[in-house]
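Single-structure report; data block below.
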Amino acid sequence: MTPPVWETGTGQIDYLGDLTRRIGGFVLEKERSLVSDPRVMDLLFREKVGTIEELVARLRKLPEGALHLSVVESLAVSDTSFFGGCRIFDQLEKTIIPWLADQPSRTHRLTLWSAGCSTGQEAYSLAISADRALANCFGWAYQVIGSDLSSRSLRTAESGVYSQFDINCGLPASRLVDYFEKRDNNWHVIKTLKKNVSFQKLNLADPGAPYPEADVVMVRNVLSYFEPNRRADVLGKIKRAMRPDGYLILGENETVDPSHGFRADSNGPCRLYRPAP
Ligand SMILES: C[S@@+](CC[C@H](N)C(=O)[O-])C[C@H]1O[C@@H](n2cnc3c(N)ncnc32)[C@H](O)[C@@H]1O
């Protein structure tokens, strides 16, 4: 059996860590077992190489390009679930979206952005929350943009098709009944919800990447893997792109400090921020 990557010599770890930092902005955790990660195994299989050492040897020989990006995509942590984490989706549905829809300056259209959406569960959870919150707000529309570095994750997100296992990870039964239909043993997001959700490939660490203008930016469990300088750059860009009266939502264990240009909006477990004036 192949030894874990951190036992294979610091040369390979340093090489891969340098790639993820430079291209994807995130730090490769050395404790993570790459050889038990199905996405890394899948990559080795696709590239027809037997070990991580062989893969690194190939990467070193090639000019930096598609294969390097594909490796970085496979090395990003991609865990996600429907309505994951604290009660932020309840708060969105019952408080935040109704408040935004009540602002006289608004154009009857809300944009919610799931940045680092992985396989799409977070983006569809946002869409369900917006759909329910705006059900009685006549004339209001919403769009959800899901973006990620990983093309493979985005393909699943775009399909809107989830296994029973995915559904069991967090989706309440009432939302399942209202927003999914079962076909071929899988659960498909219904068309009326799906038409409000689009996905795009966007590398947050790319200085030239255009960030969408959004009322709500959800960037959870992404920036905690970034180096402090990169995190600050991304937060600065999010702040410049988002609406000044919008909301930034981070993961449960993530915070930003005032130097990033945001102020905390709640003391609860949900990490909610507003752009500072
Ligand atoms: C742990 S998952 C979090 C998914 C979702 N936000 C959640 O909390 O359920 C992190 C996601 O961030 C994405 N990611 C990592 N670095 C990125 C970057 N530079 N640009 C865009 N997405 C990135 C990964 O591909 C992965 O899908």
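Just so you know, all these numbers are worked out from the coordinates, no wet-lab data involved. Because the structure is predicted, anything quoted here is derived from the model rather than measured. Cβ coordinates were reconstructed from backbone atoms using ideal geometry, including for glycine residues, and neighbour counts include every protein chain displayed.
What FRET efficiency, computed as 1/(1 + (r/R0)^6) with R0 = 25 Å and r the Cβ-Cβ distance, is obtained for Asn229 and Cys169, rounded to the nearest 0.05? Walk me through the numbers before you get to the answer.
On the way: r = 33 Å, r/R0 = 1.33.
Calculated transfer efficiency: 0.15.
Provide, for q = 0.15, 0.20 Å⁻¹, the log10 of I(q)/I(0) from a solvent-free Debye sum over equal Cα point scatterers in the range 54-153. The Cα Debye sum returns log10 ratios of -0.68, -0.96.
A straight Cα-to-Cα reach below 15 Å connects Lys191 with the aspartates and glutamates Asp131, Glu158, Asp178, Glu181, residues fewer than 8 places away in its own chain not being considered.
Within the listed set Met242, Met41, Met218, the residue fluctuating most in the Gaussian network model of the chain (springs between alpha-carbon atoms under 10 angstrom) is Met41.
Taking Phe26, Phe138, Phe89 in turn, the Gaussian network model of the chain (Cα-Cα springs below 10 Å) assigns the largest fluctuation to Phe138.
Both numbers refer to the Cα atoms of the range 207-260; Rg and Dmax are 10.7, 29 Å.
Can you compute the label reach from Ala141? Point 7 Å from Cα along the Cβ direction, backbone N cut-off under 11 Å, restricted to the range 84-118. Only 108-110 fall inside the zone, counting backbone N under 11 Å. Can you tell me the relative contact order of the chain? Whole percent, Cα pairs under 8 Å, sequence separation 6 or more. 17 percent.
Site pair Glu47 and Asp102 shows an inter-label distance of 5.3 nm when each label is modelled 7 Å from Cα along Cα→Cβ. Which of rounded, prolate or oblate describes the range 5-75 when judged by the alpha-carbon gyration tensor and an a/c cut-off of 1.5? Because its axes are fairly even, with a/c under 1.5, the range 5-75 counts as rounded. Full extension of the chain between Asp37 and Ala57 yields a length gain of 5.2 nm, computed as 0.36 nm times the residue separation minus the alpha carbon distance. Of the residues Leu154, Gly236, His260, the one whose Cα sits farthest toward the positive end of the charge dipole of the range 140-277, with +1 on the Cβ of Lys and Arg and -1 on the Cβ of Asp and Glu, is Leu154. Does the range 88-275 come out rounded, prolate or oblate by the C-alpha gyration tensor, with a ≥ b ≥ c the root eigenvalues, rounded set by a/c under 1.5 and, if not, prolate when a/b is larger than b/c and oblate if not? Oblate shape, in that a/c is at least 1.5 and b/c is the bigger or equal ratio.
Filter the trypsin sites (Lys or Arg not before Pro) in the range 235-277 to those in DSSP coil with at most 10 other Cβ atoms within 10 Å of their Cβ, and list the result.
none
Springs between Cα atoms under 10 Å define the GNM used for the chain, and in it the highest mean-square fluctuation of Lys61, Lys201, Lys30 occurs at Lys61. In the chain, the longest principal axis of the Cα atoms and the axis of helix 121-133 are about 0 degrees apart.
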